[in-house]
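Where a number appears in this text, it was derived from the coordinates with a stated rule and is not lab data. If you're wondering where the values come from, they're calculated on a predicted model, not measured in any experiment. Don't worry about glycine lacking a Cβ; one is built from the backbone with ideal geometry, like all the others, and counts go over all protein chains shown.
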Amino acid sequence: MELTYVNDAGESVTLRQRKPLFLQSIDGTGAVKHIISTFKAPNQDGGVFVSGSLDMRNITIEGRILADSIEKAYELRKMLLNSFNPKYKGRLIFKNLSIPCIVEEAPVFKADSQKTPAFFISLLCTSPYFETVEELSKLLAGWHPNFGFELEIPVEEGIEMGFREESLIIPVENVGSVPCGATFEFIAQGIVEDPMVIDVVTGKFIKLNRVMQVGEIITISTHFANKRVLSSLEGGTNAFASLDENSDFLQLAVGTNLLRYDAKKNLNNLEVNVYFRPQYLGV
């Protein structure tokens, strides 16, 4: 068993079931409480389900410093305090999944031994979901390379260096436990007018009412509490005003999502990528 904590300042620490930072237990990585809202009418037997949502997640860690000297134990203690600094947000990585969190209770050390003190850490995860460490990506529209090395080019015939995906409908697989937000990236290889991505199954779409300039990149984040539209022009500008008023911040459903890309003019100049992290209810 092993876990790693990385804070926003770039400091990290890894706990394992061996020296020098011994991980004794980690709790709170499984199920979380489901908060249910109901309605009950006068004289009604039972009630009516209104809505439900998952509560925040609390993760507690217990461990012990195993040092050969009091001086080394002090250095390890200082490293734990610096890494689990409540002033910084962080990310816990456990069993190849990660979860954003903030230190609720900084490392508390028990004065049971100077060289091998026990410690306790409490983390609060405002989002209950674990997600993949690596961000997944899918090319919806663009050019695919069509060669590899060792490369031999016929003198008279030449070689096709790449090809453009002919299908406008691309499957995107969300292997997680719940729907998740994503980042959609529109890249203009030439002038493109009113680019969009459509969920073929639901009919929901994201559309920009905008003429994209050559080389312009627009990213649209559909993550809950982090929705934004940014253009690469002028070093990065807010392009939220370009979003069509009927657009939805598309969520990737669990399983296969059929996404179609389109544009009012110059579709072949458009490249579209989608980036996302599948989310899980626990580990």
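Distance from the Cα centroid of the stretch 20-57 to that of the stretch 185-260 is 34 Å (rounded to whole angstrom). For the stretch 8-69, the Cβ-based charge dipole about the Cα centre amounts to some 180 debye (Lys, Arg positive; Asp, Glu negative; other atoms uncharged). Taking 4.7 Å between C-beta atoms as the pairing limit, the chain has these partnerless cysteines: 180. Note on residue 71/residue 112: beta-carbon distance plugged into 1/(1 + (r/R0)^6) with R0 of 25 Å gives a FRET efficiency of 0.85. Among the listed pairs 33/78; 33/138; 33/207; 19/95; 19/78, give every one whose C-alpha distance is greater than 26 Å. Flagged as over cut-off: 33/78; 33/138; 33/207.
Taken over the chain, the percentage of Cα pairs per 5 Å bin, counting from 0 up to the bin with the maximum distance, is 1, 5, 10, 12, 11, 11, 10, 10, 9, 8, 6, 4, 2, 1, 0, 0, 0, 0.
For the options 89, 40, 110, a Gaussian network treatment of the chain with springs between C-alpha atoms closer than 10 Å singles out 40 as fluctuating the most.
Ranked for footprinting exposure by Cβ neighbours inside 10 Å, fewest first, 275, 5 give 275, 5. Restricting the trypsin sites (Lys or Arg not before Pro) of the stretch 203-256 to loop positions (DSSP other than H, G, I, E, B) with no more than 16 neighbouring Cβ atoms within 10 Å leaves 204, 227.
Using C-alpha pairs below 8 Å separated by at least 6 residues, the relative contact order for the stretch 2-128 is 28 percent.
Taking every C-alpha pair closer than 8 Å and separated by at least 6 residues, the mean separation divided by the residue count of the chain gives a relative contact order of 19 percent. Here the chain is treated with +1 on each Lys and Arg Cβ and -1 on each Asp and Glu Cβ, and its dipole about the Cα centre works out to around 1480 debye.
Which value, in debye to the nearest 20, describes the size of the charge dipole of the stretch 2-128 about its Cα centre when Lys and Arg Cβ atoms bear +1, Asp and Glu Cβ atoms bear -1, and nothing else is charged? Walk me through the intermediate numbers first.
Numbers: 16 positive and 13 negative charges, 46 e Å.
Using Cβ point charges on Lys, Arg, Asp and Glu, the stretch 2-128 gives about 220 debye.
In the frame of its principal axes, the stretch 1-139 has Cα extents of 70, 48, 27 Å, reported largest first.
If neighbour count is taken as other Cβ atoms inside 10 Å, put 57, 77 in order from fewest to most. Walk me through the intermediate numbers first.
Values: 57 23, 77 16.
Lowest count first: 77, 57.
Principal-axis analysis of the Cα atoms of the chain puts helix 70-83 at an angle of about 40° to the longest axis.
Among 27, 199, a tally of other beta-carbon atoms within 10 Å of each Cβ gives an order, fewest to most, of 27, 199.
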